[in-house]
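Colleague: Let me give you the structure first, and then I'll get to my questions.
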Amino acid sequence: MIEIKGITKTYGKKQNAFLALDNVNFTIPDGTTVAIIGKSGSGKSTLMHAMSGLDRPEIGEVVIDGENILTLKQRKIDAFRASKMSFIFQSFFIQPNETCYDNVVLPLEIAEVPRGQRRAKVEAALAAVELTDKIRSKAANLSGGQKQRLAIARAIVNEPKILFADEPTGNLDSTTGGIVEDFLFNYAKVNSATLIVVTHDPELADKCDAQIVIVDGKVQSITGLDAKGETPEKPEEEKLLEEGDVEELLEATNERTDEENV
Amino acid sequence: MKISDSIRRAGRSLRQAKARTLLTSLAIGVGAFTITLSLAGGQGGREYTDAIVKANTDVNEVAVTKKMPVSTSIQEYSADGGGTTDGFGGSFPTITNADIEGMLKIDGVESVTPNYAPAVNYVTAEGQKKYVATISEFSPSVTLDYAAGSVKGDLKSGEIVLTEDYVDVLGFGSAENAIGKKVEVNTTKLSTSYAPVPETKDFIFTVKGVSSASGLAFRSQGSMLISGDQAKEIYTYINEGTPVYGKFILASVRVADANRAEEIKGVLDGKGYDAQTAADVLGTVNTFINVLLGILLGFGALAVLTSVFGIINTQYISVLERTQQIGLMKALGMSARDVGRLFKYEAAWVGFLGGAIGSGLAFIVGTIANPFITDALDLGNIYLLKFEPMQIAIVVIGLMLISVAAGIFPARKASRLDPIEALRTE
C-alpha cells in the first residue's frame with residue numbers, strides 16, 4: 001500500500017519559489033493501476049518522483065508498506081527502489097550500443113541479484129514483451145515500439161511490486177502504444193503489482209483502476225479510490241464484460257433496466 | 001552493485017566509445033612506453049655494469065693507493081723521498097714494503113700484492129714486427145671472455161693471455177691458431193747511471209689464451225696478462241737498484257670475506273690509504289646509470305602527466321554525454337557511490353589499456369632492437385634492454401592507479417548528479 005500524506009514540494013527560493021505540489025493526499029492499495037493525469041507543468045511528474053523517493057518534498061510522508069521512505073537515508077532509498085520499484089520513461093533511456101541482454105540485466109546488477117539467476121530472469125522478461133529473439137541484438141537496431149518493450153522488460157525483470165510509467169506511450173503511434181499498454185497492464189495483473197501511470201492521455205487513464213487529476217500541484221479529483229484508499233467494487237456488468245460471460249451480462253443488464261424502470 | 005559487475009559494465013561502456021578510449025589509452029601508452037623502456041634500459045645497464053665489474057674486478061679485492069697529502073704550506077725536502085716516487089711530471093705518495101707489512105696485519109686481510117705493472121718496450125712473434133704493448137697481472141677470480149683457449153686457475157710462469165687485437169698483427173691468423181705459439185716481450189733495465197746502450201731482456205711466453213675484445217673486458221683489452229710471479233720478475237729486472245724499486249702506486253689487498261671488504265676499506269682509510277672496492281666501482285657506474293634513468297623516467301612521467309589531463313577531459317565529456325544514463329541508473333536504485341565507482345573503473349580500464357599498449361609496444365620494440373644495440377655498442381652477449389615482468393606489472397598497475405586518481409573528479413560529478421535533472425537532460 002502506498003500512502004501519500006500531505007506532500008508539499010516547492011522549487012526555487014523566495015520570489016522565484018514555485019509550488020509544484022500542494023498538500024497532496026491519497027492512498028493506493030496494492031495491485032491497483034492508477035493514472036496520474038494533468039497538463040504539462042501540473043506537477044504529475046513531480047508527484048511520481050516524490051512517490052518513488054527520487055525527490056524529497058519539504059512536507060509530507062510517502063509511506064510504502066508501513067515505512068515512510070522519505071525518512072530513510074539515501075542508500076536505503078536506493079536499495080528500496082532497486083528491490084521494489086521500477087520505471088518506464090517516455091524517452092525509453094535504453095543504451096543503443098548495448099545488447100538487449102545488457103540493457104535488461106542492469107536492474108539485476110544494481111540489485112545484486114546472484115549471477116546464476118540473471119540469465120533466466122532476463123529471458124523471462126524479454127519473453128514477456130515478445131523480444132526473446134532479440135536478446136543478442138543491439139538495442140540501436142530495434143524499432144521505436146520494440147525499444148519501449150525493451151524498456152518494459154528492463155523495468156519488470158526484477159519483478160517490482162510498484163511500476164512507475166511516465167508517459168509510456170508518448171513517443172509511440174496508437175497501435176504500438178496500445179501493444180505497450182497491454183504489456184504494462186498484463187504485468188500488473190499477473191504479478192498483482194501496483195502500476196502508476198503518469199499521462200495526459202485520457203484513453204490510457206481510463207484503462208486504469210483509478211485516476212488522480214492534478215491541477216497546479218493540487219489534487220483536483222480522485223476517482224476509483226475510496227476515502228480509505230481502497231478500490232471500490234467494480235459494477236457487476238463490468239466484471240462480466242471482462243470475463244466474457246455474455247448471457248450473464250445480458251441478464252444483469254435487463255435486471256438493472258427493470259430496476260431503473262421501477 | 002557488485003565490484004565485478006561495475007568493472008564489467010565499465011569495460012562495456014568503454015567499448016561503446018572505442019575510438020575515444022583507444023586515443024586516450026594511447027596518450028597514456030606514450031608514457032608507459034617511455035617508462036618501460038627506461039626501466040628496461042636501467043635494469044639492462046645495471047646488469048651490464050655488474051657484468052663489467054665481475055669481468056674486471058674481484059669482489060675480494062680492494063685497490064689501495066696512498067692518500068695524496070693535502071698541504072698548502074711548502075714541504076721540506078727529504079733525501080729518501082719520504083715514500084714518494086717521481087714521475088709523470090710530479091711526485092706521488094707510494095706504497096712501500098713497510099706499508100704492505102702493515103696492511104697484512106689488518107684483521108681479515110688475506111694477502112697484499114703490489115701492482116708491478118711492468119713497463120715493456122714491445123711484443124713480437126717470430127718473423128713479425130715489434131708492437132707496443134702493456135702487460136698486467138692475471139687474476140684467477142676475474143672472469144675473462146676468451147676468443148680462444150682458456151685459463152683454469154692461475155697462469156703459470158711463462159704463460160700469457162694475448163689480446164684478440166694482436167692475433168693478426170703477430171701473424172697467427174686466428175685466435176685458435178695463436179694458442180700454444182710463442183711470443184717475445186722485450187723490456188729495458190733502468191739504470192741510475194748513463195749507459196750508451198741500455199741493457200734489455202727478452203722474456204718468452206707461450207700463448208695460453210686469447211681474450212676477446214669484448215665490451216665487458218676493459219681491463220684486459222689492450223693489456224696482455226701474465227702470472228703475478230712473472231710480473232714481479234720483470235718488475236725486479238727493470239727496477240732493481242733504482243730509487244723507485246720497492247715503491248708502488250697501487251696495491252691489491254685481498255680480503256678473506258668479500259662481505260668485509262667495506263669494513264677493511266674503512267680500516268685502510270683510517271691508516272692513510274685510499275681504498276676502492278668492487279662495490280665502489282659498481283656504485284660509481286650505477287650512479288651514472290641512475291642519473292640517466294632518472295632523466296628518462298622524468299620524460300615518461302611528463303608524458304603520463306599530460307595524459308592525466310586527457311583522462312580527466314575524456315571522462316568529464318563521458319559524464320556529460322551519459323547524463324541520462326546516469327539518471328536512469330540512479331532511478332533504478334544505483335547508489336551515488338556505485339555511480340562514482342563505475343566511472344573510476346572506466347578510468348582504471350583506460351589506464352590498464354594504456355599501460356598494456358605502451359609496455360607491450362616497448363617490449364616488442366626493445367626485443368627487436370636489442371640485438372642491434374648489442375651489436376652497435378659491442379656489448380658481447382648482453383642485451384641493454386632487460387624487461388622484468390614485475391617492473392612491467394608495476395608500471396601497468398601504477399598507471400591504473402594514476403588513471404583512477406585522474407578519474408576522481410569526473411566520477412564525483414557523475415555521483416552527484418541529481419537523477420531527476422539528469423533524466424530531463426536532452
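The values are calculated or read from the model by the stated rules, or taken from the named source; none is laboratory data. These numbers come from a predicted model, not from an experiment. Virtual Cβ from ideal backbone geometry, glycine too; neighbours counted across all protein chains shown.
Each row is one residue, and each column tells you yes or no for (1) within 14 Å of chain A (Cβ to nearest Cβ); (2) more than 30 Å from B:M1 (Cβ to Cβ).
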| site | (1), (2) |
| --- | --- |
| B:V339 | yes, no |
| B:K344 | no, no |
| B:G351 | no, no |
| B:I357 | no, no |
| B:L361 | no, yes |
| B:F372 | no, yes |
| B:L377 | no, yes |
| B:A393 | no, no |
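Colleague: Among the residues of region A:48-68, write down those that are more than 29 Å from A:A139 (Cα to Cα) and within 12 Å of chain B (Cβ to nearest Cβ).
Modeller: A:A50, A:D55, A:R56
Colleague: I've got another one for you. State all residues of region B:281-299 that are modelled with pLDDT of 80 or more and touching a helix residue (DSSP H, G or I) at 6+ places or on another chain (Cβ under 8 Å); if no residue qualifies, say none.
Modeller: B:N290, B:L292, B:L293, B:L296, B:L297, B:F299
Colleague: Within region B:7-18, how many residues turn out to be facing chain A (nearest Cβ under 9 Å) and either surrounded by fewer than 20 Cβ atoms within 10 Å (Cβ to Cβ) or not small (G, A, S) (or both)?
Modeller: Of the residues in that region, 6 qualify.
Colleague: Return the only residue of A:I156, A:I110 being surrounded by 15 or more Cβ atoms within 10 Å (Cβ to Cβ), within 20 Å of B:D338 (Cβ to Cβ) and either within 14 Å of chain B (Cβ to nearest Cβ) or among the aromatic types (F, W, Y) (or both).
Modeller: A:I110
Colleague: Please give the number of the condition A:V190 fails out of (1) of a type in the set (V, I, T); (2) at pLDDT 60 or above; (3) within 30 Å of A:N23 (Cβ to Cβ).
Modeller: Answer for A:V190: the failing condition is (3).
Yes/no matrix, rows are residues, columns are (1) free of Cβ contacts under 8 Å to residues at least 12 places away in the same chain; (2) facing chain B (nearest Cβ under 10 Å):
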{"residue": "A:L106", "(1), (2)": "no, yes"}
{"residue": "A:G116", "(1), (2)": "yes, no"}
{"residue": "A:V122", "(1), (2)": "no, no"}
{"residue": "A:L131", "(1), (2)": "no, no"}
{"residue": "A:I135", "(1), (2)": "no, no"}
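Colleague: Would you mind finding the one in A:T71, A:T99 that is hydroxyl-bearing (S, T, Y) and either more than 10 Å from chain B (Cβ to nearest Cβ) or within 18 Å of the chain's Cα centre (by Cα) (or both)?
Modeller: Going through A:T71, A:T99 in turn, the sole match is A:T71.
Colleague: Mind checking whether some residue in region B:111-120 is aromatic (F, W, Y), outside any loop (DSSP other than H, G, I, E, B), over 28 Å from the mean Cα position of the chain (by Cα) and surrounded by 14 or more Cβ atoms within 10 Å (Cβ to Cβ)?
Modeller: no
Colleague: Tally up the residues in region B:146-164 that are crowded, with 16+ Cβ neighbours inside 10 Å and assigned to a loop (DSSP other than H, G, I, E, B), please.
Modeller: Of the residues in that region, 3 qualify.
Colleague: Do you know which of the residues in region A:74-93 that are of a type in the set (D, E, K, R) and more than 8 Å from chain B (Cβ to nearest Cβ) is nearest to the chain's Cα centre (by Cα)?
Modeller: A:K84
Colleague: Checking A:Q146 against (1) at the interface with chain B (Cβ under 10 Å from one of its Cβ atoms); (2) of a type outside the set (D, E); (3) part of a helix (DSSP H, G or I), which single condition isn't satisfied?
Modeller: A:Q146 satisfies all of (1) at the interface with chain B (Cβ under 10 Å from one of its Cβ atoms); (2) of a type outside the set (D, E); (3) part of a helix (DSSP H, G or I) except (1).
Colleague: Can we say A:I36 is farther than 15 Å from A:D166 by Cβ and either at pLDDT below 90 or not charged (D, E, K, R) (or both)?
Modeller: For A:I36, the condition - farther than 15 Å from A:D166 by Cβ and either at pLDDT below 90 or not charged (D, E, K, R) (or both) - is not met.
Colleague: Next up: Going through region A:3-24 one residue at a time, which ones are free of Cβ contacts under 8 Å to residues at least 12 places away in the same chain, charged (D, E, K, R) and either at negative phi or surrounded by 15 or more Cβ atoms within 10 Å (Cβ to Cβ) (or both)?
Modeller: Residue satisfying the conditions is A:K13 alone.
Colleague: Look at B:A393 and say whether it is surrounded by fewer than 21 Cβ atoms within 10 Å (Cβ to Cβ) and part of a helix (DSSP H, G or I).
Modeller: yes
Colleague: All but one of (1) buried (at least 17 other Cβ atoms within 10 Å of the Cβ); (2) assigned to a helix (DSSP H, G or I); (3) within 11 Å of another protein chain (Cβ to nearest Cβ) hold for B:S4; which doesn't?
Modeller: Failed condition: (1).
Colleague: May I ask you to say which residue of B:G45, B:G11, B:G41 is within 19 Å of B:T323 (Cα to Cα), in a helix (DSSP H, G or I) and in contact (Cβ under 8 Å) with a residue 60 or more places away in the chain?
Modeller: Of B:G45, B:G11, B:G41, the one residue that is within 19 Å of B:T323 (Cα to Cα), in a helix (DSSP H, G or I) and in contact (Cβ under 8 Å) with a residue 60 or more places away in the chain is B:G11.
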